[in-house]
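The values are calculated or read from the model by the stated rules, or taken from the named source; none is laboratory data. Keep in mind that this is a model prediction, so the values were computed, not measured. Positions of Cβ are generated from backbone atoms using ideal geometry, with glycine treated the same way; all protein chains shown enter the neighbour counts.
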Amino acid sequence: MLCKSSNGLYILAVLLSSFITGQCDSVIRADLHKDVLLPCQVTYSGEFTLEYLVITWQRSENDAVVHSFFHGGDQPRHQEEEFRERTQLFPEEFHKGNASLLLKDVRETDAGSYSCHYILHDRDAYTPQQVALRVQRQCDSVIRADLHKDVLLPCQVTYSGEFTLEYLVITWQRSENDAVVHSFFHGGDQPRHQEEEFRERTQLFPEEFHKGNASLLLKDVRETDAGNYSCHYILHDRDAYTPQQVELRVLKEKTYSSDEKPKTFRFSASFTISVALSVTATAILVMRKNLKRPLVEDEEALLTSPTLYGSIELYRNKVRSTEVIGWKSARSGGEGHDVYLRRRFRTSGKKLPNWMEKEEQQECSDQEKLLERREFAFEEKEITVQSEDLFTNKTKELISKRMLITGFDGIGKSCFSKSLLKQWASGQENLCYKCIIYLTFSELNTMKGPLSVRSLLEKKCPELSAVLNVLLNTDKVLIILDGLDEFNHELRISSQTGAVCDIDTPLDISALISKVISKELLPDTRVLITSGLGSERKIGEHFTSTFILEAFTEDQVQEYCEKFISGDDRSKHVSEFISNYKLSSLLSVPLLSSVLCHMFKKGPCPQSEGALATRSRMMYSLLQVSLKVTLAETGHTNHKCCPSLETKASEVPESIQSSVHQLCEMSYDNLIHGTREINKDIAIHCSHTECLFKHLAEFFFTVDKSGDTFEYRHNSIRDMFAALYCVGEIQEEAELQTVLNAWVFGEITESSSPHLNGITTYHWKRFQSFIPLFLGLLPYANKGLLSEAPSLSKDRKEFLKSWFQAWIDKKPVKIKFFVFLHSLFELHDGDVTEHVSGHTQEVNLFNIPLNSLDISALSYCFANSKLLVIDLRFCELSDASLQQLENFICTCKEVK
């Protein structure tokens with residue numbers, strides 16, 4: 001409570017100077033029409049001179065000047081009109097670094113963020129301090145009622161847009177203890193959530209809801225009914241209105257004069273009695289409720305309270321009605337390419353071993369790693385989880401506050417996360433969570449400026465705005481952050497405790513995510529992050545549970561492909577095709593299984609030798625099939641939109657070539673900036689391009705409801721189109737070497753290629769998938785879109801031999817070695833491979849789990865090499881894998 005005298009305010013300012021530090025933002029709450037002190041304290045060294053002191057308080061949102069002080073005095077002429085004569089500094093405290101501001105007669109419009117700028121002399125400019133002001137409303141109305149009579153508690157809001165009863169939530173509560181007086185959602189009253197003392201004594205008027213009238217009739221008023229009531233009104237997922245406060249005063253029986261006698265309220269079906277309300281609430285986008293009691297121990301009861309339950313149900317309805325991007329199920333056409341298959345996760349159930357956090361294997365001895373690995377491997381061996389059981393009541397013991405799902409590109413991490421969200425939205429009861437919030441790091445990349453956890457979640461799910469304080473303090477909510485590999489910013493996770501912050505503290509997005517991972521933010525909330533293999537080495541110590549999503553087995557590949565095209569005559573040829581072309585290893589990646597199935601459904605698959613030998617060729621082949629189907633459908637006689645096309649039927653119209661080129665160019669730009677959306681306007685609008693993008697949307701993209709924006713179904717698709725763009729643009733070997741050295745080694749020179757604009761050394765992690773795809777598509781340079789896989793020119797081969805040899809001479813380890821390995825495999829040129837493998841002397845794969853695609857790449861790249869040393873310890877090799885690597889192992893002098 002603020003003192004009213006200036007002397008009292010002075011004392012309060014002095015006390016604040018002892019407790020406030022300039023390193024931590026503050027959240028200040030004030031009552032409407034009261035005074036409030038906004039703290040600002042700095043520590044300076046040197047002599048204090050009032051003449052050279054500048055203090056400026058501003059609104060952070062628009063830089064409006066709240067108070068200005070310089071030249072030894074206040075400068076009201078620089079002040080915004082709304083703050084005139086309502087602000088005060090304390091000059092007697094300036095020499096102590098205290099620049100706290102008194103804001104008088106607080107208004108609703110004062111709510112928001114403020115920044116304090118303190119400059120002393122021309123040499124000392126201190127970091128601006130941020131203060132968030134929350135304005136608390138007092139009771140809007142004071143209603144008097146006689147004992148044992150009925151009374152109407154008013155609540156009126158003004159809203160815009162369509163009224164839908166299905167999405168309306170109204171909750172009346174006692175402000176003192178949050179006891180539920182009346183609850184309405186799902187189109188009807190919910191008496192089971194109502195406190196016993198109010199049962200059969202309350203009534204709303206549904207016929208008035210469309211007018212924004214949520215007034216409550218309270219019958220047979222009792223003495224215990226006296227107190228404050230709050231009315232919460234939520235409409236759709238976009239409109240949550242400021243809670244309205246009503247104070248009820250109960251009058252004991254007395255004698256009235258004839259003109260004082262209270263009137264009796266009568267209500268007809270049409271509700272003809274008009275209600276005079278003292279305040280009409282202003283509609284706003286968020287509704288926040290400050291808790292006036294501690295969280296109850298029974299979180300199940302808390303999460304089924306009407307306000308929480310109603311908000312969660314609104315959010316669930318939105319998720320249920322919103323299409324989540326994913327792969328079509330082979331069985332039912334639903335979301336998720338692997339939902340119907342029993343996928344396996346492996347988990348340590350504890351923090352990863354310390355040595356896994358280190359980038360270089362040489363940083364700890366093999367003996368240390370062996371000892372620790374034995375314990376880790378033993379636990380891993382005991383804990384294998386089926387995908388449908390994870391995060392259900394069957395696997396409660398594996399769930400922790402921070403969890404990581406990892407796996408290689410295309411394995412299905414995002415698909416699993418989205419299917420988990422869909423399961424929750426559909427009401428699956430055995431999940432461990434009452435609410436799941438899904439965010440992608442691509443979304444986070446678009447966030448600008450300082451951001452708090454509250455503002456981030458309110459943007460994503462505004463229907464939960466009113467209940468975030470409660471929801472985030474339970475362990476029944478799961479926040480999924482999908483695709484850490486795509487994050488544009490470097491994580492800054494420190495083991496030292498920094499400034500105290502909460503969900504209202506504005507931070508840059510990198511600091512916000514770093515603090516969430518380290519549990520400085522949301523310490524009691526369950527958070528699940530997905531990321532590619534290798535991320536666990538850098539951030540694994542912060543995750544109690546790490547789950548590794550395994551690849552398709554050969555049986556699952558067959559099952560998936562057969563079910564995907566079930567009912568089609570071609571389905572019986574799937575097994576034979578996969579066997580003849582030895583595709584099982586490649587198709588262990590669910591993404592590539594989906595690629596093959598789409599090719600089967602759209603037309604004949606490429607039959608030439610090596611046409612589907614690698615990931616890049618398989619994905620590019622699907623693009624070619626889409627082009628061929630487009631040309632077959634549009635033809636050349638009935639569609640004259642491209643008059644230049646009066647030649648061979650196999651040629652691609654110029655409009656399609658141009659649109660594909662623009663698509664590829666934008667994909668490269670999206671790769672650099674970590675985004676996933678493409679505007680459909682890039683296409684030249686004609687019958688050919690309309691048909692093409694219709695076919696591309698069947699696999700490569702999803703289209704938003706407006707039909708104007710595409711989004712890649714998977715980051716690998718973006719990387720493939722980006723690689724295709726660079727292959728066509730980068731022709732000269734000098735530029736090729738420049739961009740490869742920049743992408744792979746981080747060597748960005750002053751004379752860099754224009755195709756390196758915006759790229760820094762930090763982009764390496766996002767280019768790990770792109771680099772192999774680029775090298776895989778390199779032979780297609782200067783070739784037509786429908787060309788079969790061509791051979792490299794002699795000069796280009798010689799260049800690549802030299803460049804790959806320089807790469808292996810740098811002795812890449814761990815993830816960098818695998819990028820090297822798969823780049824050489826994707827290139828798939830026998831001459832280059834033979835040369836490079838002949839210059840490779842050692843391959844260290846100690847404790848790196850190898851999947852089927854890794855085994856194929858090793859077998860191809862080093863089949864005829866003469867390695868001196870190969871370390872395959874703890875690589876989890878099956879008998880079939882060892883047999884596949886037989887030549888590779890037998891030619892090596894030393895095998896560990």
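Applying the criterion of being without any contact (Cβ under 8 Å) to a residue 60 or more places away in the chain, among the polar types (S, T, N, Q) and buried (at least 16 other Cβ atoms within 10 Å of the Cβ) to the residues of the stretch 838-861, the residue that is farthest from L592 (Cα to Cα) is T840. Taken over the stretch 689-738, residues that are among the acidic types (D, E) and either within 25 Å of C597 (Cα to Cα) or in the same structural domain as I411 (by TED's automatic domain parsing) (or both) amount to 5. Of K866, K801, K810, all but one fail to be over 27 Å from S878 (Cα atoms), surrounded by fewer than 17 Cβ atoms within 10 Å (Cβ to Cβ) and not hydrophobic (A, V, I, L, M, F, W, C); the exception is K810.
Evaluating K896 against the criteria (1) in contact with an Asp or Glu (Cβ under 6 Å, 6 or more places away or on another chain); (2) of a type outside the set (S, T, Y); (3) crowded, with 17+ Cβ neighbours inside 10 Å leaves one unmet condition, (3).
Scanning the stretch 456-469 for residues that are crowded, with 17+ Cβ neighbours inside 10 Å and closer than 24 Å to E486 by Cβ yields L456, L457, E458, C461.
Annotation: of all residues in the stretch 140-193 being part of a helix (DSSP H, G or I) and among the charged types (D, E, K, R), the one that is nearest to the chain's Cα centre (by Cα) is E166.
Residues that are of a type in the set (S, T, N, Q) and more than 27 Å from G407 (Cα to Cα) were ranked within the stretch 701-746; the one that is surrounded by the fewest Cβ atoms within 10 Å (Cβ to Cβ) is S706. Looking across the stretch 35-64, just one residue is closer than 14 Å to Q75 by Cα and charged (D, E, K, R), and that is E51. Looking across the stretch 458-467, the residues that are in a helix (DSSP H, G or I) and within 17 Å of the chain's Cα centre (by Cα) come down to E458, K459, K460, P462, L464. When E729 is tested against (1) in contact with a His (Cβ under 8 Å, 6 or more places away or on another chain); (2) under 16 Å from W803 (Cβ atoms); (3) not hydrophobic (A, V, I, L, M, F, W, C), exactly one condition is not met: (2).
The set of residues in the stretch 75-102 being in a helix (DSSP H, G or I), buried (at least 17 other Cβ atoms within 10 Å of the Cβ) and either at pLDDT below 90 or not assigned by TED's automatic domain parsing to the domain that holds Y126 (or both) consists of E93, F94, K96. Listed by first and then second residue, the pairs linking a residue in the stretch 47-70 that is outside any loop (DSSP other than H, G, I, E, B) to a residue that is among the charged types (D, E, K, R), with Cβ atoms under 6 Å apart and 6 or more places separating them unless they lie on different chains, are V65/E80.
Checking the structure you have, find out if any residue of the stretch 84-103 is closer than 26 Å to C501 by Cα, of a type in the set (S, T, N, Q) and within 40 Å of the chain's Cα centre (by Cα). Yes: the stretch 84-103 contains one or more residues that are closer than 26 Å to C501 by Cα, of a type in the set (S, T, N, Q) and within 40 Å of the chain's Cα centre (by Cα). For the structure I just gave you, tell me whether T49 is over 42 Å from the mean Cα position of the chain (by Cα) and modelled with pLDDT under 85. Yes. Over 22 Å from W424 (Cα atoms) and in a loop (DSSP other than H, G, I, E, B) - does that describe any residue in the stretch 468-488? So far as the stretch 468-488 goes, yes, one or more of its residues are over 22 Å from W424 (Cα atoms) and in a loop (DSSP other than H, G, I, E, B).
Scanning the stretch 451-476 for residues that are among the basic types (K, R) and closer than 18 Å to G112 by Cβ yields R454, K459.
Within the stretch 862-896, the residues that satisfy the criterion of being farther than 24 Å from V832 by Cβ and either among the polar types (S, T, N, Q) or free of Cβ contacts under 8 Å to residues at least 24 places away in the same chain (or both) are S878, D879, A880, S881, L882, Q883. Regarding R766, is this residue under 30 Å from the mean Cα position of the chain (by Cα) and in a helix (DSSP H, G or I)? Judged against the criteria, R766 is a match.
The single condition among (1) under 30 Å from P779 (Cα atoms); (2) over 38 Å from the mean Cα position of the chain (by Cα) that C890 does not meet is (1). Restricting the stretch 52-64 to residues that are under 15 Å from V131 (Cβ atoms) and not charged (D, E, K, R) leaves a set whose member that is modelled with the lowest pLDDT is S60. Using the structure shown, decide if E443 is in contact (Cβ under 8 Å) with a residue 40 or more places away in the chain and among the charged types (D, E, K, R). Taking the combined requirement at face value, the residue does not satisfy it. A single entry from E747, E788 fulfils the requirement of being more than 27 Å from L622 (Cβ to Cβ) and either assigned to a loop (DSSP other than H, G, I, E, B) or at pLDDT below 90 (or both): E747.
Can you confirm whether F825 is surrounded by 17 or more Cβ atoms within 10 Å (Cβ to Cβ), modelled with pLDDT of 85 or more and out of contact with any Lys or Arg (no Cβ under 6 Å at 6 or more places or on another chain)? Yes, satisfied. If you go through the stretch 600-624 and keep only what is crowded, with 22+ Cβ neighbours inside 10 Å and touching a Cys at 6+ places or on another chain (Cβ under 9 Å), you end up with just L612. Considering only the stretch 103-132, how many residues are part of a strand (DSSP E or B), among the polar types (S, T, N, Q) and in contact (Cβ under 8 Å) with a residue 60 or more places away in the chain? Number of matching residues: 3.
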